[in-house]
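Right, one structure below, let's go through it.
The values are calculated or read from the model by the stated rules, or taken from the named source; none is laboratory data. All of these numbers come straight from a predicted model, not from anything done at the bench. Neighbour counts are summed over all protein chains in view; Cβ atoms, including those assigned to glycine, are modelled from backbone coordinates with ideal geometry.
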Amino acid sequence: MLDKLSEVLKHFSISAGVFYTGNLCGLSAFSDDGIHEGHLHLLQQGRMVVFDHQGNKQEIAEPAVLFFPRPAHHRLKADRRDNAQIVCASVRYGTGPQNPLANALPGLIVVRLAEAPSLKAATELLFAEAFQEQDGRQAMMDRLTEVFIIQLLRYVVDHDLMHKGMLAGLANPRLSPAIMAINAAPEKNWTLEALAALSAMSRSKFAELFREQMGQTAGDYILEWRVALTQNLLKRGKSVGVIANEVGYENASALARAFRKKTGQSPRQWLDNSRRGELQ
């Protein structure tokens, strides 16, 4: 069986940086203002409360994973009596926080480790590194966190935690052939009829199911995928003219127009802003 998740991940590099380990005491706030990353919080033991951007609170009183895949204002709170031992990490994607992978996930994923033995086992080595002082500790924590995120994505797919988006579409056996074809050959002039044929559906039924599962039309998804690939290739140093042929546009001007339509920026402006964001 084709490894659909790996096919997606090869286009979106995920990097993680652990920035805090230890006891949470007081209030820690995370903003969505101008940042280019999501956040992962792992509660090893104790109790804490998480507040979302609307002030809604959720009490976590057992080992758990909290994953904000995209920039999101939130707060974590605990006092000394709660004995909340946590590991916090930033999560960045090679193409920036707005991409088909991150956009396919809920705004907040909460998984209690007692309900997910595979994830619980994966945290043990990370916690061991986090709460001991050993040579190479930071590098080990960062790499282990990146591996853990892939395991978490696998859990999300296996347990159907996506409501809409690319991962939900790939999990749908009727839509999956069409989505994988788009992802594999973005340079093709895909028509609704051709995509419907790949899914053995009528044009109207395919369009209806695609919008229902993906939250957008097939044309919008093709544009989103092409722009995401363009962002990835820009960061690898390729020119807009070369990229245009690889992602289905006649020339650099046509790609630049599509890119601006999706992002509100030219490819050069996006690349400059992305590099500045990495330095923050």
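So that you can scan it fast, the table gives a plain yes or no per residue for (1) within 19 Å of Tyr20 (Cβ to Cβ); (2) surrounded by 21 or more Cβ atoms within 10 Å (Cβ to Cβ); (3) touching a Cys at 6+ places or on another chain (Cβ under 7 Å):
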site: Phe131; (1), (2), (3): yes, no, no
site: Arg143; (1), (2), (3): yes, no, no
site: Gln151; (1), (2), (3): no, no, no
site: Leu167; (1), (2), (3): no, yes, no
site: Leu170; (1), (2), (3): no, yes, no
Over the range 65-95, the set of residues in contact with a helix residue (DSSP H, G or I) (Cβ under 7 Å, 6 or more places away or on another chain), of a type outside the set (Phe, Trp, Tyr), buried (at least 19 other Cβ atoms within 10 Å of the Cβ) and closer than 22 Å to Arg143 by Cβ is Val65, Pro69, Val87, Ala89, Val91, Thr95
If you go through the range 144-184 one residue at a time, how many are polar (S, T, N, Q) and more than 16 Å from Thr123 (Cβ to Cβ)? 3
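One line per residue, one yes/no per condition, for (1) in the same structural domain as Asn273 (by TED's automatic domain parsing); (2) within 18 Å of the chain's Cα centre (by Cα); (3) touching a residue at least 40 places away in the same chain (Cβ under 8 Å):
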position	(1), (2), (3)
Gln134	no, no, no
His163	no, yes, yes
Leu167	no, yes, yes
Thr191	yes, no, no
Ser199	yes, no, no
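For (1) surrounded by fewer than 16 Cβ atoms within 10 Å (Cβ to Cβ); (2) in contact with a His (Cβ under 8 Å, 6 or more places away or on another chain); (3) over 23 Å from Ser15 (Cα atoms); (4) modelled with pLDDT of 95 or more, each residue gets a yes or a no:
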{"site": "Leu126", "(1), (2), (3), (4)": "no, no, no, no"}
{"site": "Val147", "(1), (2), (3), (4)": "yes, no, no, no"}
{"site": "His159", "(1), (2), (3), (4)": "yes, no, yes, no"}
{"site": "His163", "(1), (2), (3), (4)": "yes, no, yes, no"}
{"site": "Ser204", "(1), (2), (3), (4)": "yes, no, yes, yes"}
{"site": "Glu208", "(1), (2), (3), (4)": "yes, no, yes, yes"}
{"site": "Gln216", "(1), (2), (3), (4)": "no, no, yes, no"}
Can you name the condition, by its number, that Glu187 falls short on among (1) part of a helix (DSSP H, G or I); (2) in contact (Cβ under 8 Å) with a residue 60 or more places away in the chain; (3) over 18 Å from Asn103 (Cβ atoms)? (1)
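Would you say Asn56 is in contact with a Lys or Arg (Cβ under 9 Å, 6 or more places away or on another chain) and of a type outside the set (A, V, I, L, M, F, W, C)? Before the answer, list the steps.
Numbers: in contact with a Lys or Arg (Cβ under 9 Å, 6 or more places away or on another chain): no; of a type outside the set (A, V, I, L, M, F, W, C): yes.
Taking the combined requirement at face value, the residue does not satisfy it.
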Qualifying positions in the range 227-280 - within 15 Å of Gln98 (Cα to Cα) and hydroxyl-bearing (Ser, Thr, Tyr): Thr230, Thr263, Ser274
